[in-house]
1. Are any residues in segment B:187-210 under 24 Å from the mean Cα position of the chain (by Cα) and either surrounded by 20 or more Cβ atoms within 10 Å (Cβ to Cβ) or not hydroxyl-bearing (Ser, Thr, Tyr) (or both), and if so, which ones?
2. Which one of these is in the same structural domain as C:Val115 (by TED's automatic domain parsing) and assigned to a loop (DSSP other than H, G, I, E, B): C:Thr27, C:Thr32?
3. Would you confirm, using the coordinates I've provided, whether A:Ile241 is more than 9 Å from every other protein chain (Cβ to nearest Cβ), in a helix (DSSP H, G or I) and farther than 30 Å from C:Ile241 by Cβ?
4. Go through (1) in a strand (DSSP E or B); (2) closer than 26 Å to B:Asp277 by Cα; (3) modelled with pLDDT under 95 one by one and return the number of the condition B:Gln154 breaks.
5. Step by step: first the residues of segment B:41-57, then only those that are in contact with a Phe, Trp or Tyr (Cβ under 8 Å, 6 or more places away or on another chain) and in a helix (DSSP H, G or I), then the one that is surrounded by the most Cβ atoms within 10 Å (Cβ to Cβ). Which residue is that?
6. In this structure, is B:Ala230 more than 10 Å from chain A (Cβ to nearest Cβ), part of a loop (DSSP other than H, G, I, E, B), in contact (Cβ under 8 Å) with a residue 24 or more places away in the chain and not β-branched (Val, Ile, Thr)?
7. Give me the residue from segment A:214-226 that is in a helix (DSSP H, G or I) and closer than 23 Å to B:Pro254 by Cα and, out of that set, nearest to the other protein chains (Cβ to nearest Cβ).
8. Being touching a Lys or Arg at 6+ places or on another chain (Cβ under 8 Å), touching a residue at least 40 places away in the same chain (Cβ under 8 Å), closer than 21 Å to B:Pro118 by Cα and assigned by TED's automatic domain parsing to the domain that holds B:Leu99: is that true of B:Gly14 here?
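The values are calculated or read from the model by the stated rules, or taken from the named source; none is laboratory data. A quick note: this is a predicted structure, and the numbers were derived from the prediction, not measured. For neighbour counting, all protein chains shown are included, and Cβ atoms are generated from backbone atoms with ideal geometry for every residue, glycine included.
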4 protein chains.
Amino acid sequence: MKVGFIGLGRMGSGMARNLLRAGHDITVYNRTPERSQALAADGAKVAATVAQACRVDALITMLANDAAAEDVVLGPDGIVSHLQPGALHISSSTISVALARRLAEAHRANQQQFVSAPVFGRPDAAAAARLYILLAGDPAAREAAMPLLNVLGQRTFVVSDKPEAANLGKLSGNFLSASVIESLGEALALVSHGGLDPAAYIDFLTATMFGAPVYRTYGPLIAQRRFEPAAFAAGLGAKDIRLLLGAAQDLRVPMPLASLLNDRFLRLLASGGEHLDWSALGDLAARDAGGQPVAGPTPPIYSF
Amino acid sequence: MKVGFIGLGRMGSGMARNLLRAGHDITVYNRTPERSQALAADGAKVAATVAQACRVDALITMLANDAAAEDVVLGPDGIVSHLQPGALHISSSTISVALARRLAEAHRANQQQFVSAPVFGRPDAAAAARLYILLAGDPAAREAAMPLLNVLGQRTFVVSDKPEAANLGKLSGNFLSASVIESLGEALALVSHGGLDPAAYIDFLTATMFGAPVYRTYGPLIAQRRFEPAAFAAGLGAKDIRLLLGAAQDLRVPMPLASLLNDRFLRLLASGGEHLDWSALGDLAARDAGGQPVAGPTPPIYSF
Amino acid sequence: MKVGFIGLGRMGSGMARNLLRAGHDITVYNRTPERSQALAADGAKVAATVAQACRVDALITMLANDAAAEDVVLGPDGIVSHLQPGALHISSSTISVALARRLAEAHRANQQQFVSAPVFGRPDAAAAARLYILLAGDPAAREAAMPLLNVLGQRTFVVSDKPEAANLGKLSGNFLSASVIESLGEALALVSHGGLDPAAYIDFLTATMFGAPVYRTYGPLIAQRRFEPAAFAAGLGAKDIRLLLGAAQDLRVPMPLASLLNDRFLRLLASGGEHLDWSALGDLAARDAGGQPVAGPTPPIYSF
Amino acid sequence: MKVGFIGLGRMGSGMARNLLRAGHDITVYNRTPERSQALAADGAKVAATVAQACRVDALITMLANDAAAEDVVLGPDGIVSHLQPGALHISSSTISVALARRLAEAHRANQQQFVSAPVFGRPDAAAAARLYILLAGDPAAREAAMPLLNVLGQRTFVVSDKPEAANLGKLSGNFLSASVIESLGEALALVSHGGLDPAAYIDFLTATMFGAPVYRTYGPLIAQRRFEPAAFAAGLGAKDIRLLLGAAQDLRVPMPLASLLNDRFLRLLASGGEHLDWSALGDLAARDAGGQPVAGPTPPIYSF
């Protein structure tokens, strides 16, 4: 199958490589061409323009934000102008609900197929084809997308006939993850000031009621204050919460916890934290408590 | 071993029964004596006063709140006055950090042993001896407590030499659970207004990054708005968040998410929700969004 | 002086009438023409199109929101296309900072003068020429605008050379007013539940440290729960807080109180309150407290 | 009239001196006796114990917090034990609603008269007898208190027959002031980042809708970041908000803005700000925005 792939960031590169491995005929495009060369070495064709990448049966986009997606898809030399009628565009970018709706409308007007298929997972999961994928769109388009999505992720969840609903589900998932980061940050600031060892407390949590990947991933990062290198940068997390709040405003759903997260992210960015891992959000509670507590002799912490 | 047990609520009854089954010689006391009779039928001796329940090697208390614990332990005819020197008091009640510290000081002044051993789990877990237990206190007292705790729970985590640290860890754990409830409430209000099926969305979450008991327990309750009967009443949850904030104030740790939860609980109580399950907190976001969205034809939601 | 006036809502009608009274040669335009007729009866000329209203020395716009302002100013048959070089556009609409910047750039590119001059005051103040006005723009344009603004308001404050700074100041002023509404709402819910008479408490406040128009206006409205008819509708207030948060995001200024207000407004709108006066925001605290307290015999409240 | 006065802090000293000036026969007591000497030089008798200060017709207390008031009033050698039946205790301390209720009950049980009369104003207002006073209690006790209160303040407002209602009104007033501080802090952080001069913006606000003492007092302090010396220390403000939230909890009134203020105060204290003026709360928003904006050439800011 001839497949185009636009957007070779840390997520997209791994995804494109998995498609190559699965034997697909892949044409890649990236705004900064250096990133395309690494894929070329693995057998990908390199497109010099978006238009060239559109000469395919299916085209996947994995772009950084709304501005990039709007430009690449709706711009004067964009995907909508060049994709063949009947061909499929799979949008995996984390973009706004409003833009996803506009992309769907533009493709429909041009007789192109379109699904939203945002992904969950960090770059290592993308490389290992262990992503989770939310899929929404017309049943026929969804069916056409599934073979490719099966190559990219470990499981795909169909959530709606409306493409933009998948984008809402994606943003909401990131909101839930950021909520975990904030709650862990507050809890760890508290218990460490009360004489418990943060790492031991995380062990307890993840061995019991909170034994999920999101706690196992972020708990130790926050407890150890290890925010570099970023697997998912705070700047991107901030963007997602802003998009979530935009959708919530449009739907008139008050989300006070999301508002709290948004203010936390703005503060993290204003203090120069844009390039830290977004779990650095969980360090603000400790800062507000005056930093690390003065440690007495560490109590022996162990479990039976 | 001669063991006393005071406090035969829904949690305590199950715990005391497990001690009976393990062959211990159990004397129970409850303020309202009816509850003692059920245990007597299973072989427990029934004490008519707190003092009678103190004629034991170890005494476990599982009381509803600070007022009850202060009265039973520190009151004129309380445990501190009647427990033998060298005997052990295991306090499993969810009480304030400040009161736990006072209990520890009083027992120390009377040469009695004391540990805090608050538990995690709902009544069914107490009945099945599947509780998780946090344990803190002097090493010798902890060692004395372990055989009994092993009967009550599936795993005990030692977190500190200071008894009250275990209470802080307990309150913090409940804070984390309530944070999950609030975040799920907001996320479900949003996605349901955006056209996703709440139940299907919960399936997605718990099959992926959020596959922990806390999400599997509360997600469906919130999605289905099923808040009765209460496994853990909102009134008790509200009390715990208030105790958490009290400890946070004393330690000067700002916790904005805990403050949000506290205001949510006050509102739930003020609207008559005291006896609902505390997951009803997660329904406030939907109320704020104007209730359930007007449903169109339900989209087919399924996963591959 | 030949002056155009576009936007004859409750604010704009009063403003245009004051210009007529001051002897100016006024041409009015409104999207729904009925409103123009009332002004025609007072001596205004009526334009059938935006373009006709642009044949003037100075043009004032007072439009409801960004969409209207963008359409009227930047649209294909808009002001930028029809105003003469050197003529002045005074934008008094409460619009976003980002749009104000775009308007300024478009006028500059077309050699037209432009100032932002948003106003403070409710419709009765507009009718009585008692508005307060923030003014920003090039010094020459500001000087040209002053004689007209002196007719519309009681005082004009120059705040910057950059037009959009006046819009930020306007949104910030509305934020401060909404903050007063929220704080009064919470305080009145509290004291009324504690046995004080809300109206008497407002009397105390406004006679002492809080003796400002904003407290004297909103205090009694909230205490008496009198939210109709709206002098300033909740839907407009909600819009302004959203615009404020948009500007705050762009400037990376976290504003947790503004976030709280935004969530309150969303809730008010979702419960059907869009057309109530925006002081209805101050009723949510009372609702959250379970409504009005059960009143005992009213205590005699008086002051010396 | 023989009047006792206990508590000679910065507020109490000025109040006691005004009573001396009015010709009353004053006996003062302070825990640290140095402060009494200054009053002795002005003609006051100095009591060596609380009991000695109780040999009066009326006794005024102005103490720092609940612990001091509980000790001085209810302690073993306290006021309740020594004041004559029929004598009057005027409690002007800012204390909790719950403690005020207990004081009232204890005095009632001992046939002593009791009113709560908390005051509004900073030390300079106390010295100048310009305080505002809230008064609550039995009508007869209120009548007995009025001549003394008229010496201390510029105006007294009777708010209830229940003494503790005045304390609630006092805490609520401080909440409203702290709300102004927070809102000004956020607004000034925003407009200064958007190119407006903070001082000029304060001038605009206080000349228009926000022309009240609370804005005129705190606006310039925040705009100029002038938080020392403290007229009212952050530690005291923090205490009052905590007492307010305690009362709100007991009455089940959710107050999200008060919760925000509480978290802000905790953070201010944890960063060492306890002894700054409480208006330093208004600086946190600027800190969160990354500090002062980089200033370009200051725009000329003036008003017509």
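1. Step one: list which residues in segment B:187-210 are under 24 Å from the mean Cα position of the chain (by Cα), which gives B:206, B:210.
Within segment B:187-210, B:Phe210 is the sole residue that qualifies.
2. Every option except C:Thr32 fails the conditions.
3. For A:Ile241, the condition - more than 9 Å from every other protein chain (Cβ to nearest Cβ), in a helix (DSSP H, G or I) and farther than 30 Å from C:Ile241 by Cβ - is not met.
4. Going through the list (1) in a strand (DSSP E or B); (2) closer than 26 Å to B:Asp277 by Cα; (3) modelled with pLDDT under 95, B:Gln154 breaks only (3).
5. Step by step, filter segment B:41-57, then rank; the result is B:Ala53.
6. Answer is yes for this residue.
7. We begin by selecting, within segment A:214-226, every residue in a helix (DSSP H, G or I); these are A:214-223.
Applying the additional criterion that residues be closer than 23 Å to B:Pro254 by Cα yields A:215, A:218-223.
Numbers: A:Tyr215: 7, A:Tyr218: 10, A:Gly219: 10, A:Pro220: 15, A:Leu221: 15, A:Ile222: 13, A:Ala223: 13 Å.
Per the stated criteria, the residue is A:Tyr215.
8. Values: touching a Lys or Arg at 6+ places or on another chain (Cβ under 8 Å): no; touching a residue at least 40 places away in the same chain (Cβ under 8 Å): yes; closer than 21 Å to B:Pro118 by Cα: yes; assigned by TED's automatic domain parsing to the domain that holds B:Leu99: yes.
Considered against the rule, which asks whether it is touching a Lys or Arg at 6+ places or on another chain (Cβ under 8 Å), touching a residue at least 40 places away in the same chain (Cβ under 8 Å), closer than 21 Å to B:Pro118 by Cα and assigned by TED's automatic domain parsing to the domain that holds B:Leu99, B:Gly14 comes out as no.
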